[in-house]
Amino acid sequence: MRRPRSTRSLAAAVTAAGLAAVLAGCTATAATTDTATSAAATTSVVSAADVEAATATTVQDALAANLEPTTSAADDSAEEIAVTLDGTTASADSEAVTVDGGTVTITAAGTYRVSGTLDDGQVVVDTTDDGVVTLVLDVADITSSTTSAIGVLDAGAVVVELADGTTSSLADGTDYAAGDGTDAAAAFYSTADTTITGTGALVVTGRAEDGITSKDGLVVESGDVTVDAVDDGVRGKDDLVVAGGTLDVTAGGDGLKADADDAATAGYVALEGGTTTVVAGGDGVVAETDVVVAGGTLDVTAGGGADAELADDASAKGLKGGVSVVVGGGTVTVDAADDAVHSDGAVSITDGALTLATGDDGVHADVDLTVSGGAVTVTRSEEGLESAVVTVSGGDVDVTSADDGINVSAGDTTSDGTTADGEAQDGMPGGGGAPGGGGEQADEDLLLTISGGTVVVDAEGDGLDSNGYAAMTGGTVVVSGPTGDGNGAIDVDGTFEVSGGTLLAAGSAGMAVAPSTESAQAWVAATLDGAQAAGTTVQLVSADGDVLATYTAEKQFASLVYSSADVESGAGYTVVSGGTATGDVVGGYSVGGDAAAGATTLTTATAGEAPAGGMGGAPGGGPGGGGFAPPQDAAAAA
């Protein structure tokens, strides 16, 4: 079980990938529960223990660390009680049902089949026993002008069963009457654990604030549920679980939300199956603690999408978790004005397929971002992946960014390389290191580690940008970096040690950085004889005439860095134009290739040596290398 959340601020450090990630002042911001927008917020503290437990975690471990959701089933052996709605009144042949005008009150556990139309009234559940109340909605259309259409004030648990082949509807009032017994405005309101099941359909219209709200747990097990709400679409407190069915939510505020802030094991959202579509003015899926995606299909549009303008005080993120976001299966598509995936703590992606478009970061975690499997495709972003610690150990990552592709920094950064408060984060004021890296600015608590998988980056800012250190021990990385000289395909303030894998980075020449000269695996860094146009194919050729690599550029480039097990330290290499790829192509790169007759030589280079006037690669401080030795635990982890 996850350790209890601390009530202190984070002054302690959390170990992630062998590196101490400083978490001072890291807090989780959760939307208040009864406002019309997600911009207003309260702040609760995320403990270092919570974040450490979530770092690089799996779906199974994340769910096990939280409260188990309460799922109730209808008692098939119980005799059904028919409740017939009739305009302004209703009827039922049971002492457990009372009717007062348009208000129908159920006072005992049991199964109730509700059908008909209530033009201006409410079905209330208010029992004194601990049994399950099952409401079978069988073409039941309930509208209220002053309160919730269904209000569960007290019950052991509630099951809403959608009768097969039927469609029912709920709509609440726009102006709630005082003393209606609820503390939140929702078309369906419950104080008990609630399960929605069945094979029918339900249409919910939240005209005052929310569509569906449970002040305990809420599980959508099956059925076809459509929600249209002025504020939040579907809210649970301890948990909100979508296990199956079809859930279609349109919300002026947040789409799906769990907001319990009194226990570290509660306040989570889990998507385990089914098909969920969310169009939200605020955040698409937001949890006080964890957002966990285990399966199913999730499609989120937040804040109008990546093209929309976002107010300074608004939040319109796709998936947002106060402690973590964990994706271990399913298909996730996000189009968000704000970050597509965001956590105030950690993000862990172990499986699944994510396609993300965003007006800000593709995936952002304040503390730790780990990709160990699955496929992450960022089609549009300012910065693709961003965190204090970024680890890619498996899976396929494909990033397109207007600024940095992968950014390792202490906080959110702007397009000019500064933090939100204007502090420069790179080796030069306003961003961008000196040629060879801005070593004296390196932060020992920041680390990019790539040990497996495939990473393809198309960035107009820096391709791989670490304000601390970087290490590569495996995997394949292809960077199509910036065309302007104000950024580089690689920008590491400290040392960048390569000991395995394959790295190809192409970009402008003005601020290009090469790996450290202390790298265990050799590398070649070359400044070309003039910028090469998009579509140009180049090859790296050894002195023996062997083609090590073939690369066809997606955009203009003037520098090239290449490292693989085939590069020999101290050997001479030639970069030529022309030739054809012969193997699998990843981001324009392939191993080997067929040389072209009469190929044009663009430049020559010696492995392990930076070209004159740039590229850096020195191990020590000052221009050309990191000002600190790499952290020992980071080096060991690499």
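The values are calculated or read from the model by the stated rules, or taken from the named source; none is laboratory data. Values in this document were obtained by computation on a predicted structure and should not be read as measured data. No Cβ is skipped: glycine too gets one built from the backbone with ideal geometry, and neighbour counts run over all protein chains shown. Areas reflect the complete protein model, heavy atoms only, side chains present, ligands, DNA and RNA absent. Shrake-Rupley method; radii C 1.70, N 1.55, O 1.52, S 1.80 Å.
Across the stretch 145-155, rounded Karplus estimates of 3J(HN,Hα) from the backbone phi angles (6.51 cos²θ - 1.76 cosθ + 1.60, θ = phi - 60°) give 9, 10, 6, 5, 5, 10, x, 9, 8, 7, 5 Hz, Gly and Pro being marked x. In this structure, the amide hydrogen of ALA264, modeled 1.01 Å from its nitrogen in the peptide plane, lies closer than 5 angstrom to those of ARG5, counting only residues at least 5 positions away or on a different chain.
Each Lys or Arg adds one and each Asp or Glu subtracts one; over the other residues with Cβ under 12 Å from the Cβ of ASP154, this totals -3. Dividing the Cα radius of gyration of the stretch 150-260 by 2.2 N^0.38 Å, with N the residue count, gives 0.96.
Computing Rg and the Kirkwood Rh from the Cα coordinates of the stretch 55-102 gives a ratio, Rg/Rh, of 1.37. Each of SER145 and ASP100 was given a label point 7 Å from its Cα along the Cα-to-Cβ line. The distance between the two points is 1.9 nm. For the stretch 128-271, the solvent-accessible area works out to 27 Å² per residue, with a probe of 1.4 Å and every protein chain left in place.
Considering only protein heavy atoms and a probe of 1.4 Å, how much of the accessible area of the stretch 320-368 is carbon and sulfur, as a whole percent?
Working: 270 of 720 Å².
Looking at the stretch 320-368 in its full context, I get 38 percent from C and S.
Where the convex hull is taken over the Cα atoms of the stretch 290-412, what is its projected area averaged over directions, in nm²?
Values: hull surface 24.5 nm².
Its average projected convex-hull area is 6.1 nm².
Put simply, the amide H of ASP462, placed in the peptide plane, has neighbours under 5 Å in ASP404, GLY405, GLY488, leaving out anything fewer than 5 places away on its chain. Remark: the GLU568-THR167 segment gains 137.4 nm on full extension, using 0.36 nm per residue and subtracting the alpha carbon distance. With kT/(6 pi eta Rh) evaluated at 37 °C and eta = 0.692 mPa s, and Rh the Kirkwood radius from Cα pairs, the stretch 91-151 diffuses with a coefficient of 278 µm²/s according to Stokes-Einstein. Phi-derived couplings, Karplus 6.51 cos²θ - 1.76 cosθ + 1.60 at θ = phi - 60°, listed residue by residue for the stretch 81-93: 10, 7, 10, 9, 8, 8, x, 9, 8, 7, 9, 7, 9 Hz, with x used for Gly and Pro. Taking only protein heavy atoms and a 1.4 Å probe, the accessible area of the stretch 128-238 is 46% carbon and sulfur. Among 576-585, 447-456, the peptide with the highest mean count of other Cβ atoms within 10 Å heads the list, and the full ranking is 447-456, 576-585.
Using a 1.4 Å probe on the protein heavy atoms, what percent of the accessible area of the stretch 503-547 belongs to carbon and sulfur?
On the way: 630 of 1470 Å².
Carbon and sulfur atoms account for 43 percent of the accessible area of the stretch 503-547.
Relative to the compact globular guide of 2.2 N^0.38 Å, what is the alpha carbon radius of gyration of the stretch 502-617, as a ratio?
Values: Rg = 12.7 Å, N = 116, 2.2 N^0.38 = 13.4 Å.
That works out to 0.95 for the stretch 502-617.
To the nearest 0.05, how large is the calculated FRET efficiency for ASP130 and ASP313 if R₀ is 45 Å and r is the Cβ-Cβ distance?
On the way: r = 44 Å, r/R0 = 0.97.
Efficiency at R0 = 45 Å is approximately 0.55.
Peptides 524-533, 468-477, 231-240, ordered by how many other C-beta atoms sit within 10 Å of their residues on average, highest first, read 231-240, 468-477, 524-533.
Between ALA402 and ALA177, what FRET efficiency comes out of the Förster formula 1/(1 + (r/R0)^6) with R0 = 56 Å and r the beta carbon distance, rounded to 0.05? Let's see the in-between values first.
Numbers: r = 50 Å, r/R0 = 0.90.
Calculated transfer efficiency: 0.65.
Can you order the peptides 117-126, 97-106 by their average number of other Cβ atoms within 10 Å per residue, highest first?
On the way: 117-126: 21.1, 97-106: 18.0.
In decreasing order of mean packing, 117-126, 97-106 become 117-126, 97-106.
Applied to the stretch 472-486, the Karplus parametrisation 6.51 cos²θ - 1.76 cosθ + 1.60 on θ = phi - 60° returns per-residue 3J(HN,Hα) values of 10, 10, x, x, 10, 10, 10, 10, 9, x, x, 8, x, 7, x Hz, with x for Gly and Pro.
Distant-in-sequence amide contacts of VAL477, defined by a placed amide H-H separation under 5 Å and a gap of 5 or more residues or a different chain, comprise VAL455, THR502, LEU503, LEU504.
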